[in-house]
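**Student:** First, the structure itself, so that you have it in front of you.
Values quoted throughout were computed directly from the atomic coordinates according to the rules given, and no laboratory measurement underlies them. Every value quoted in this text rests on a predicted model; they were computed, and no experiment measured them. As a convention, Cβ positions derive from the backbone with ideal geometry for all residues, glycine included, and neighbour counts pool all protein chains shown.
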Amino acid sequence: MILSETQAAIQASIRAYAQEKLRPRTQAFESAGGYPPELFGELADLGLMGMVAPEEDGGAGADYVSYALALIEIAAADGALSTILSIQNSLIVSALLKDGTPSQKKRFLPDLIGGKTIGAFALTETDAGSDASAIRTRATRATQRNDGWVLNGAKQFITSGKIGKLALIVAVTDPEAGKKGISTFLVPTDRPGYFVDKVEHKLGQGASDTCALRFENMFVEDDLMLGQPGQGYRIALSNLEAGRIGIAAQCVGMAQGALEIAIGYAKERKSMGKLIIEHQAVGFRLADLAAKLEAARHLVLHAASLKDSGAPCLKEASMAKLVASETAEAVVSGSIQTLGGYGYLEEFGVAKIYRDVRVCQIYEGTSDIQRMVIARAL
């Protein structure tokens, strides 16, 4: 698609920042297991912590195409950071904008968009991943007072569960009502009863913490419920549309980062008297990878443009996420192959991207779930 002047400017500015400020430090971030807090302030100054939030709410007021372009460039430099940004924008800020009360927006949006608060989306449980309606975390009416709830339960695979200062927690409030008995709560994580049981040791994205959480008799006031009682399932799933566009953009970005490394290497490395990109086996491989990546990029931007138009795009978002995530692994694998033995070494950067990108076929809906969504739409 042809970008507008504004979209092209956003893409160029974020790419310059990501390549200059993030890419040289990505290995250090992974070794440290996280990011310095001031980095989120930098991202906020660039408008990245609330890209599609209206300017009157402190956001950048950008469209979803610009958001996807920005995530692509961040992911091309640091995949784990793009995960945090995707959740912050697509699942936390987006949910507040759509279903938050004026007082909730006033209370939470400034720090979320300003980079002072990182949000965590607490939906998945040990036995409730793809089937979100199977969650067991319970929110019951407080017996000693009449203005709140008490949460008990556990969550699994929660991004930013440790560094997050605000968690959007999905819990059952009416066990007899099925999907209509699920509600969502905005919970500051510094209150009694919020426990991080474990920070998972993962294959990739080591700078983004993924946690097992536990809630024990955690009191939550009535005014911290997002939306109305029983709307939690709808709220959680409705925001996954934007979330899948975000993850799809992340996939394109990581693949783009790997392919750029591979092309650069192929234009410098000589074998049998000529640059390896001039060997048909290498040149054709890179050509195939570039074509597949460009197709995935267009799917992502198409879904984002539909989102901007207000048209339903669940099918298109799922298509983008499915194709981009599976294409990304193939592109990164092919990039490693192009570097040969050097591709297997951490210092060249492609091995890290390979580890980071693998999860994209799992979170925000597995590839199997995307196929189910697409098949239903057909």
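**Student:** What lysines sit close enough to Lys307 to cross-link, taking a C-alpha to C-alpha distance under 24 Å and skipping anything fewer than 8 places away on the same chain?
**Tutor:** Cross-link targets: Lys98, Lys105, Lys292, Lys315, Lys321.
**Student:** Can you give the FRET efficiency for Asn146 and Leu3, using 1/(1 + (r/R0)^6), R0 = 56 Å, r = Cβ-Cβ distance, to the nearest 0.05?
**Tutor:** Details: r = 54 Å, r/R0 = 0.96.
So the FRET efficiency works out to roughly 0.55.
**Student:** Could you list Met1, Met319 so that the one with the fewest beta carbons within 10 Å of its beta carbon is first and the one with the most is last?
**Tutor:** Ascending Cβ contact count within 10 Å gives the list Met1, Met319.
**Student:** In a GNM of the chain with a 10 Å cut-off on Cα contacts, which of Ala324, Ala287, Ala303 has the highest mean-square fluctuation?
**Tutor:** Most flexible of the set in this elastic network: Ala287.
**Student:** Please work out the C-alpha center-to-center distance from the range 9-64 to the range 110-159 and express it in whole Å.
**Tutor:** The distance from the Cα centre of the range 9-64 to that of the range 110-159 comes to 26 Å.
**Student:** What's the center-to-center distance, using Cα atoms, between the range 224-249 and the range 86-106 in Å?
**Tutor:** The range 224-249 and the range 86-106 have Cα centres spaced 10 Å from each other.
**Student:** Further, regarding this structure: Report, largest value first, the span of the C-alpha coordinates of the range 1-124 along each principal axis, in whole Å.
**Tutor:** Ordered largest first, the range 1-124 gives principal extents of 41, 38, 27 Å.
**Student:** If you rank His302, His279, His201 by fewest surrounding Cβ atoms within 10 Å, what's the result?
**Tutor:** Values: His302 19, His279 14, His201 8.
Taking fewest neighbouring Cβ atoms as first place, the list is His201, His279, His302.
**Student:** Related question: Semi-axes of the equivalent ellipsoid of the range 134-206: what are they in whole Å, largest first, if each equals the square root of 5 times a C-alpha gyration tensor eigenvalue?
**Tutor:** On the way: eigenvalues 127, 49, 18 Å².
So the three semi-axes of the range 134-206 are 25, 16, 9 Å.
**Student:** Of the cross-linked pairs Lys202/Lys352; Lys162/Lys198; Lys165/Lys352; Lys106/Lys165; Lys106/Lys155; Lys198/Lys352, which ones have a Cα-Cα span greater than 18 Å in the structure shown?
**Tutor:** On the way: Lys202/Lys352 12 Å; Lys162/Lys198 9 Å; Lys165/Lys352 28 Å; Lys106/Lys165 16 Å; Lys106/Lys155 27 Å; Lys198/Lys352 23 Å.
Check vs 18 Å cut-off fails for Lys165/Lys352; Lys106/Lys155; Lys198/Lys352.
**Student:** Let me check the size of the range 236-377 from its C-alpha atoms; what are the radius of gyration and Dmax in Å?
**Tutor:** Values for the range 236-377 (Cα only, Rg and Dmax): 16.6, 57 Å.
**Student:** Once you've got the GNM for the chain with C-alpha springs shorter than 10 Å, pick whichever of Ser333, Ser309, Ser82 has the biggest mean-square fluctuation.
**Tutor:** In the Gaussian network model the winner is Ser309.
**Student:** At a 10 Å Cβ-Cβ cut-off, how would you order Asp368, Asp209, fewest neighbours first?
**Tutor:** Exposure proxy ranking, most exposed first: Asp368, Asp209.
**Student:** Which of Leu289, Leu81, Leu46 moves the most in a Gaussian network model of the chain with Cα springs under 10 Å?
**Tutor:** Leu46
**Student:** Quick check: pseudo-label points 7 Å beyond the Cα along Cα→Cβ at Lys267 and Ser238, how many nm apart are they?
**Tutor:** Output for this residue pair reads 4.7 nm.
**Student:** Please give the charge dipole size of the chain, origin at the Cα centre, charges +1 on K and R Cβ atoms and -1 on D and E Cβ atoms. Round to the nearest 20 debye. Please list the in-between numbers first.
**Tutor:** Numbers: 39 positive and 43 negative charges, 120 e Å.
With only Lys, Arg, Asp and Glu charged at Cβ, the dipole is about 580 debye.
**Student:** Give me the dipole magnitude in Debye, nearest 20, for the range 236-377 about the Cα centre, with unit charges on the beta carbon: positive for Lys and Arg, negative for Asp and Glu.
**Tutor:** Numbers: 16 positive and 15 negative charges, 36 e Å.
Charge dipole of the range 236-377: 180 debye, to the nearest 20.
**Student:** Same structure, new question: Angle check, please: helix 5-17 long axis (alpha carbons) against the longest principal axis of the chain (alpha carbons), in degrees 0 to 90, nearest 10.
**Tutor:** Helix 5-17 sits at roughly 80 degrees to that axis.
**Student:** On to the next question. May I ask you to derive the FRET efficiency for Ala281 and Val196 from their Cβ-Cβ distance with R0 = 56 Å, giving the value to the nearest 0.05? Provide the component values of the computation, followed by the final result.
**Tutor:** Numbers: r = 49 Å, r/R0 = 0.87.
E between Ala281 and Val196, to the nearest 0.05, is 0.70.
**Student:** Suppose every K and R has +1 on its Cβ and every D and E has -1 on its Cβ; what is the size of the dipole of the range 81-179 about the Cα centre, in Debye to the nearest 20? Write down the numbers at each step before the final one.
**Tutor:** On the way: 13 positive and 8 negative charges, 85 e Å.
Dipole of the range 81-179, to the nearest 20 debye: 400 debye.
**Student:** Same structure again: Along the range 269-283, what does the Karplus equation 6.51 cos²θ - 1.76 cosθ + 1.60 (θ = phi - 60°) give for ³J(HN,Hα), rounded to whole Hz, x for Gly and Pro?
**Tutor:** 7, 10, 8, 6, x, 8, 4, 5, 5, 7, 7, 4, 4, 7, x
**Student:** To the nearest µm²/s, what D does Stokes-Einstein give for the chain at 10 °C and 1.306 mPa s, using the Kirkwood radius over alpha carbon pairs as Rh? If you can, show how the numbers build up before the last one.
**Tutor:** Working: Rh = 21.2 Å.
The estimated diffusion coefficient comes to 75 µm²/s.
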